[in-house]
Amino acid sequence: MKQITTISCKLKVSPEVAKEIEATMEMFAHACQYVDKNSDKKLTNNVAMQALMYGTVREKFQLSAQTTIHAIRRVCSNRKTSITNHIKKELTFAPTSVDYDSRTFSLDTKKWIVSLKLLSKRTKFELLIGNYQRGILKGSKATSAVLTKRKDRTYYINIHVNHIVPEPKSTNKIIGIDLGRTDIASTSEGESWSGKNITSKRNHYSQIRAVLQKKASKGTRSSRKRCRQLQQRLSGKERRFQKHVNHEITTYLVRKAATIDILPTLLYETARDSPTSLMGAFCFNAPAFGDLLPSGLTVAP
């Protein structure tokens, strides 16, 4: 099975070369903007777009052949993303990156330099990287890359490397758990625990706290003190209730793991759903997911 890994490498750039990079990024962004404005908004096919816009863009912006093609492909890719995600805003292209392929980019793992085709000429850059990047890049074949400029005005090359990884093996020795708000926990075996009761309790306590807080801010000195005491007590009750429910779930999971003699490992993922109401936003951080990690089990996030 093939897997693409992106390795971000910092470039050593002199002030003179930085101007050349800026000019290349500016021209690439202008080319993308021109293609988007002067073509049918529904056109997303790379081949059709290239046949329509390649000659004009190449002549107008003086980009290399491959860079022109990548500008056209970026427009098509961004349009597809907008259609898929139902985004109606007009596309904008910031001068912060340029796409490269094997014809306009090369990597030398002996000297640790990269060669990039800029606006006027091909330029070599020294890579400022550590052993982690060197270990992954050495012996691998880089097929494409993206030159980027970060907010601190430093330049990086994101190199895409193909790796062959073994196919995952199916096993019944691991239980996977997904943690969320709608369902407190859902296992890879199809079991789930609804969070409806906890959500109802949480909303109830949130409303009471809101009333007490309002009274505490406007009442007498004694009433304010009493309201704060009630708030503290309510906080403890809600926390204990949540902890009790989590304890019941984790106890069940541990006993089941021991019954079917699986490896003591849980693969878990915490899902933070977006709140759908003002009340949801008010108590969004309430679930104590940490209590759902059973003691005695190895956690593999």
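Just to verify a result, which residue in the stretch 30-58, among those that are assigned to a loop (DSSP other than H, G, I, E, B) and of a type in the set (Lys, Arg), is nearest to Glu20 (Cα to Cα)?
Ranking the qualifying residues of the stretch 30-58, first place goes to Lys41.
What single numbered condition from (1) over 30 Å from Arg255 (Cβ atoms); (2) touching a strand residue (DSSP E or B) at 6+ places or on another chain (Cβ under 7 Å); (3) buried (at least 16 other Cβ atoms within 10 Å of the Cβ) fails to hold for Cys227?
All conditions pass for Cys227, except number (2).
Could you run through the stretch 229-243 and say how many residues are modelled with pLDDT under 80 and farther than 19 Å from Ser200 by Cβ?
Matching residues across the stretch 229-243 total 3.
Can you pull out the residues in the stretch 70-89 that are out of contact with any helix residue (DSSP H, G or I) (no Cβ under 6 Å at 6 or more places or on another chain) and not polar (S, T, N, Q)? I'd like the intermediate steps shown before the answer.
Within the stretch 70-89, the first condition is being out of contact with any helix residue (DSSP H, G or I) (no Cβ under 6 Å at 6 or more places or on another chain), and the residues that meet it are 70, 77-89.
His70, Arg79, Lys80, Ile83, His86, Ile87, Lys88, Lys89, listed by residue number.
In the stretch 96-117, which residues are at pLDDT 95 or above and in contact with a helix residue (DSSP H, G or I) (Cβ under 6 Å, 6 or more places away or on another chain)?
Val98, Asp99
Ser186: free of Cβ contacts under 8 Å to residues at least 60 places away in the same chain, crowded, with 16+ Cβ neighbours inside 10 Å and either outside any helix (DSSP H, G or I) or among the small types (Gly, Ala, Ser) (or both), yes or no? First the steps, then the outcome.
On the way: free of Cβ contacts under 8 Å to residues at least 60 places away in the same chain: yes; crowded, with 16+ Cβ neighbours inside 10 Å: yes; either outside any helix (DSSP H, G or I) or among the small types (Gly, Ala, Ser) (or both): yes.
Yes.
Would you say Lys149 is over 30 Å from Ala258 (Cα atoms), surrounded by 12 or more Cβ atoms within 10 Å (Cβ to Cβ), basic (Lys, Arg) and without any contact (Cβ under 8 Å) to a residue 12 or more places away in the chain?
Working: over 30 Å from Ala258 (Cα atoms): yes; surrounded by 12 or more Cβ atoms within 10 Å (Cβ to Cβ): yes; basic (Lys, Arg): yes; without any contact (Cβ under 8 Å) to a residue 12 or more places away in the chain: no.
No: the conditions fail for Lys149.
If you go through the stretch 59-75 one residue at a time, do you hit one that is surrounded by fewer than 20 Cβ atoms within 10 Å (Cβ to Cβ), in contact with a Lys or Arg (Cβ under 6 Å, 6 or more places away or on another chain) and either part of a strand (DSSP E or B) or not assigned by TED's automatic domain parsing to the domain that holds Lys37 (or both)?
No, the stretch 59-75 has no match at all.
Among the candidates Glu167, Glu126, Glu191, which residue alone is within 22 Å of Leu253 (Cα to Cα) and either exposed (fewer than 15 other Cβ atoms within 10 Å of the Cβ) or without any contact (Cβ under 8 Å) to a residue 24 or more places away in the chain (or both)?
The conditions single out Glu191.
Quick one: which of Ser194, Ser206, Ser274 is polar (S, T, N, Q) and modelled with pLDDT under 50?
Being polar (S, T, N, Q) and modelled with pLDDT under 50 holds for just one of Ser194, Ser206, Ser274, which is Ser274.
Please verify whether Thr24 is buried (at least 19 other Cβ atoms within 10 Å of the Cβ), touching a residue at least 24 places away in the same chain (Cβ under 8 Å) and not in a loop (DSSP other than H, G, I, E, B), treating the condition exactly as stated.
Details: buried (at least 19 other Cβ atoms within 10 Å of the Cβ): yes; touching a residue at least 24 places away in the same chain (Cβ under 8 Å): yes; not in a loop (DSSP other than H, G, I, E, B): yes.
Answer is yes for this residue.
The values are calculated or read from the model by the stated rules, or taken from the named source; none is laboratory data. None of these values were measured; they are calculated from a predicted model. For neighbour counting, all protein chains shown are included, and Cβ atoms are generated from backbone atoms with ideal geometry for every residue, glycine included.
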